[in-house]
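Encoded as structure tokens, the structure appears first; notes follow it.
The values are calculated or read from the model by the stated rules, or taken from the named source; none is laboratory data. Values in this document were obtained by computation on a predicted structure and should not be read as measured data. Cβ atoms come from the backbone with ideal geometry, glycine included; neighbour counts cover every protein chain shown.
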Amino acid sequence: MNIAVFASGNGTNLQALIDAEAGGGLSPGKIVLVVSDKAGAFALERAKKAGIETRVIEANGMPREEYDKKVMSEIKDKNVDLIVLAGFMRILSSNFVKQYNERILNIHPALLPAFKGTHGIKDAFEAGVEVTGVTVHFVNEELDAGPIILQEEVPIEKGDTLETLEEKIHAVEHRLYPKAVKLFAEGKLKIEGEKVRIRS
Ligand code: GAR
């Protein structure tokens, strides 16, 4: 089960996946490649340290379709079974999503369908909701949408600041994402319409 992780930034979710794999927590999944659209992404350093092959594919203003074709051709040789988006801050074209239909996962730092977009944590904090959380879902052609695999609530407590909330959300992400990836790798996720059934 070959996994490619796509990341644009810090890569703490990638690190959680790397650590999980080291402890057998992604089995039979194996991270074979890390792709980034940003040459300076710290995620690349994390991958290199773990001995994982990396590819930087920068967009440089390239239209989305063209960029995604380039990515597809550059990862072809790795026989990727699953793409895990871990803070990959690009919207994938519908061709790309079709090519990897039901084989792309994303993590979002809010309880989807609430607070979609690039600032899920801040938007929930500023909206003054009492509960936000983390969602892992299959990617479809809409932004931050697609059948939900796992969700976990994170309450926003009285003394919370944006920073403390971020810490709490990330801690949940780092636990939830490896769990979802393992379920996929074990073939336990079945998409039924808009929903995901988890086989025991
Ligand atoms: C994570 O919080 C992830 O949920 C978010 O980007 C962060 C990446 O952090 N993704 C989105 O907001 C997607 N809409 P990381 O690089 O440390 O893993």
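With the checklist (1) at pLDDT below 95; (2) of a type in the set (Lys, Arg); (3) surrounded by 17 or more Cβ atoms within 10 Å (Cβ to Cβ) in hand, flag the one item Lys38 doesn't pass.
(1)
Which of the residues spanning the range 155-171 are in contact with a Pro (Cβ under 9 Å, 6 or more places away or on another chain) and either basic (Lys, Arg) or more than 14 Å from Asp123 (Cβ to Cβ) (or both)?
Once the filter is applied, which keeps residues that are in contact with a Pro (Cβ under 9 Å, 6 or more places away or on another chain) and either basic (Lys, Arg) or more than 14 Å from Asp123 (Cβ to Cβ) (or both), the range 155-171 yields Lys168, His170.
Within the range 4-32, track down each residue that is more than 24 Å from Ile169 (Cα to Cα) and either buried (at least 21 other Cβ atoms within 10 Å of the Cβ) or near the ligand (Cβ under 9 Å from one of its atoms) (or both).
Gly29, the sole residue that qualifies.
Would you check which residues across the range 97-110 are in a loop (DSSP other than H, G, I, E, B), touching a residue at least 12 places away in the same chain (Cβ under 8 Å) and either away from the ligand (no atom under 12 Å from the Cβ) or farther than 30 Å from Met1 by Cβ (or both) and list them?
Hits for the range 97-110 are Tyr100, Glu102, Arg103.
Would you tally the residues in the range 33-63 being of a type outside the set (A, V, I, L, M), within 16 Å of the ligand (Cβ to nearest atom) and over 24 Å from Leu183 (Cα atoms)?
9
Report yes if some residue within the range 175-183 is of a type outside the set (Gly, Ala, Ser) and more than 16 Å from the ligand (Cβ to nearest atom); otherwise report no.
Within the range 175-183, one or more residues are of a type outside the set (Gly, Ala, Ser) and more than 16 Å from the ligand (Cβ to nearest atom).
For Gly146, are the conditions met, namely being within 13 Å of the ligand (Cβ to nearest atom), at positive phi, buried (at least 20 other Cβ atoms within 10 Å of the Cβ) and under 18 Å from the mean Cα position of the chain (by Cα)?
Spelling it out, Gly146 is indeed within 13 Å of the ligand (Cβ to nearest atom), at positive phi, buried (at least 20 other Cβ atoms within 10 Å of the Cβ) and under 18 Å from the mean Cα position of the chain (by Cα).
Do we find that Glu141 is surrounded by fewer than 17 Cβ atoms within 10 Å (Cβ to Cβ), of a type in the set (Asp, Glu), within 16 Å of the ligand (Cβ to nearest atom) and within 21 Å of Thr12 (Cα to Cα) in this structure?
no
Name the residue that is nearest to the ligand (Cβ to nearest atom), counting only residues in the range 111-138 that are surrounded by 16 or more Cβ atoms within 10 Å (Cβ to Cβ) and polar (S, T, N, Q).
Top of the filtered list is Thr135.
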